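For reference, the structure discussed in these notes is given below.
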Amino acid sequence: MEVYLDNNATTKVDPEVFKAMEPFFCHIYGNPNSLHKFGAGTHPKMVEALNYLYEGINAADADDIIITANATESINTVIKGIWIDKILNGNKNHIITSEVEHPAVTATCRFLESQGVNVTYLPVDENGTLDASLIKEHIKEETALVSIMWANNETGKIFPIKEIGAICKEAGVAFHTDATQAIGKIRVDVQACNVNYLSFSAHKFHGPKGVGGTYVQKGFELTPLLHGGEQMGGHRAGTVDVASMVGMGLAMKLATSEIALAYEENHVKKLRDKLENAILEIPETIVIGGKENRTPNTTLISFRGVEGESMLWDMNQKTIGASTGSACASEDLEANPVMNAFGSDSELAHTGVRFSLSRFNTEEEIDYAITVIKNAVNRLRNISSSYAYTPKDHVSQL
Ligand SMILES: Cc1ncc(COP(=O)(O)O)c(C=O)c1O
């Protein structure tokens, strides 16, 4: 049996989405900017896609959506756009973000720091949660942007976006959220949460890879990252990949319907909890960050004495795909920065395995995964030189 439990890395394209994309390769292939019927023939489906996209996040209007290549491009565009508008051409020089953002945000902020921008990286608590009052505390006259993710990719922890939106609105500071891991898992409502900019990637919600988007609230600036043609109202140059846009639109519609989100909250969560509870029967395992306030599909679990990569290797032998909580940098294993950020000890930070489910997982798959995982932990602990010697008081710190 093959079991894919790495849906926070990417998801399978929904067959319905794939079917909707197919005509745009060999039949309706005109350039959407051409005036003839081959180009104009793409328009109705592009308009429909934009409608699905803005409705999916409860934006006010289809014009509020800009198609990009992925969330990374969207995040870069927003943060660098604010840098150009408010920092280089304005009088502000400060950005607030968190210590647990995806590298698309962190590396962009680090780059801006190298250009002289002041960036505050807010810490999270031992549960991986951000206290919204910290934002209020750190906003100052020079703050140009607050950028905080909606849900964390590793722990699934959901951040207090509504509170942060209200704080930013009151302070008159632009608020961007990276909602890449939230869309299709929980309700995302930009108007209810006073979000000014939002980034997403289609392949995280059963759409195609290589396409994403940015929400920009009316009245807020977006300086383009890519200059060229007048596509996307001049906000993002380059011929639009119509097939991908159509696929993303339908994927958004399917993933954000009431039925789909209820399915996540009930069925997907039930499978995640079944997997998690069975794993927690294994001695010296914990859910990193605890069980509260997470997306329904994600769990990050530490197996004391077992390297995350070894677990992945064993599971891969049995055709189960998950991912390690720790990044593998060339030959050295680096401790997971997210786990470090909320105070995990270094051993714990090396033993995290992330399991992320989707609506395509079945109960049989989870039963199979539980057996494989239990056997793998047993095997790896038996051959571990360090596990048997773990002193009891150290264990109790778990
Ligand atoms: C929270 C978050 N933000 C941004 C990204 C970047 O997405 P993409 O690689 O599609 O640009 C990811 C991808 O894993 C993510 O999990």
Heavy-atom accessible surface of the stretch 74-123: percent carbon and sulfur, 1.4 Å = 50
At what distance in angstrom do the alpha carbon centres of the stretch 191-234 and the stretch 99-170 lie from each other?
-> 19
Just tell me which lysines come within less than 19 Å, Cα to Cα, of LYS37; anything on the same chain fewer than 8 places away is out.
-> LYS45
Computed over the chain: longest principal axis from alpha-carbon atoms vs helix 308-317 long axis, angle to nearest 10 degrees, is 90
In nm, spacing of pseudo-spin labels at PHE111 and LYS270 (7 Å Cα→C-beta vector) | 4.5
For the chain, percent of DSSP beta bridges that are antiparallel (nearest 5) comes out at 55
In terms of Cα to Cα distance under 17 Å, which lysines are near enough to LYS291, apart from those fewer than 8 places away along the same chain?
-> LYS157, LYS185, LYS269, LYS270, LYS274
With everything on Cα atoms, drop me the angle between helix 43-56 and the longest principal axis of the chain, reported from 0 to 90° to the nearest 10.
-> 50
Using a cut-off of 17 Å between alpha-carbon atoms, which lysines can reach LYS140, once sequence neighbours fewer than 8 places away in the same chain are excluded?
-> LYS86, LYS92, LYS169
Rounding to the nearest 20 debye, state how big the charge dipole of the stretch 15-256 is about its Cα centre with +1 on each Lys and Arg Cβ and -1 on each Asp and Glu Cβ.
-> 500
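The values are calculated or read from the model by the stated rules, or taken from the named source; none is laboratory data. Just so it is clear, the model here is predicted, and its values are computed rather than measured. Don't worry about glycine lacking a Cβ; one is built from the backbone with ideal geometry, like all the others, and counts go over all protein chains shown. Each accessible area value is taken on the protein alone, full model and side chains, heavy atoms only, with ligands, DNA and RNA left out. Shrake-Rupley method; radii C 1.70, N 1.55, O 1.52, S 1.80 Å.
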